[in-house]
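Please treat every number below as a calculation from the coordinates, not as lab data. The structure displayed is predicted, hence computed values, not measured ones. Neighbour counts are summed over all protein chains in view; Cβ atoms, including those assigned to glycine, are modelled from backbone coordinates with ideal geometry.
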Amino acid sequence: MKKTWLIVLAIVVVVGAFVVGKYNTLVQYDETVKTAWSQVENVYQRRMDLIPNLVNTVKGAAAQESGVLVAVVEARANASKVNVDINDPESFAAFQKAQGEVSSSLSRLLVTVESYPTLNSIAAFRDLMTQLEGTENRITVERKNFNDSVNTLNIYLRRFPANIIASIFGFEKAQQFEADEWADVAPAVDFTSSTENIPTEWTDDTTE
């Protein structure tokens with residue numbers, strides 16, 4: 001009888017250790033995804049922070065391009081309203097769409113300002129362009145890191161018996177970034193809007 005209990009106890013210990021190991025791996029992968037997402041949010045926020053000074057600098061030298069400037073301002077405002085849950089497909093899709101619209105509006109703006117070579121003589125503008133380029137590169141890098149982390153987690157979640165343990169403890173599949181739909185579409189520039197939609201608190205105090 002005692003031997004039987006020892007065998008049962010040994011089985012319980014082995015199974016328990018196995019479950020704990022799988023659970024800890026799930027926690028590790030899940031935390032890696034969260035950390036990678038924090039980095040994604042940081043670089044996107046960095047880009048959002050650059051937009052006011054960029055708009056003001058361009059507005060000072062090319063105020064007539066009001067439609068493009070307003071489009072950037074509105075895209076930024078819309079993106080800032082999106083609350084994202086990386087486990088919710090609709091929420092994540094809304095976030096990606098909003099950030100894609102910011103990217104698209106910035107692309108149209110940068111194409112437009114190429115017609116104003118005097119902007120390149122403004123030190124503040126050149127500095128903003130350098131910062132923006134670096135931020136866009138970081139966005140690409142951090143999005144890839146995030147997708148890699150999500151892929152690792154999602155593959156593990158599908159494997160047996162990790163899928164059972166994940167279901168018991170409430171681990172969920174995370175969403176990945178997809179290719180931006182706007183990236184392959186030629187931008188249509190609209191110059192008909194007015195600068196009234198550009199926030200007045202974005203003062204033109206950018207220094208060279």
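Miscellaneous remarks
- Taking amide H as placed 1.01 Å from N in the peptide plane, residue 116 has no amide H partner under 5 Å among residues 5 or more places away or on another chain.
- Among the trypsin sites (Lys or Arg not before Pro) in segment 107-185, those located in a DSSP loop and surrounded by at most 11 other Cβ atoms within 10 Å of their own Cβ are 159.
- Were the residues from residue 144 through residue 91 laid out at 0.36 nm apart, the gain over their Cα-Cα distance would be 17.1 nm.
- Cα-based reach from residue 81 at 17 Å (exclusive), listing lysines while leaving out same-chain residues under 8 positions away: 97
- Were the residues from residue 64 through residue 78 laid out at 0.36 nm apart, the gain over their Cα-Cα distance would be 2.7 nm.
- Percent breakdown of C-alpha pair distances by 10 Å bin, ordered from the shortest bin, for segment 26-197: 9, 33, 29, 16, 8, 4, 0
- Extending 7 Å from Cα along the Cβ direction at residue 130 and again at residue 27 yields two label points whose distance is 4.5 nm.
- Loop-resident sites, segment 6-75, for trypsin sites (Lys or Arg not before Pro), counting at most 11 other Cβ within 10 Å (DSSP): none
- Per-residue HN-Hα couplings for segment 139-146 [Karplus 6.51, -1.76, 1.60; θ = phi - 60°; Hz; x = Gly/Pro]: 4, 4, 5, 5, 5, 5, 4, 5
- Integer Hz, Karplus 6.51/-1.76/1.60 couplings in order for segment 35-48, x for Gly and Pro: 5, 5, 5, 4, 5, 4, 4, 4, 6, 5, 5, 4, 5, 4
- Take the Cβ atoms of residue 13 and residue 158, set R0 to 45 Å, and the FRET efficiency comes out at 0.95.
- Listed by chain and number, the lysines whose C-alpha is less than 29 Å from the C-alpha of residue 22, apart from same-chain residues fewer than 8 away, are 3, 34, 144, 173.
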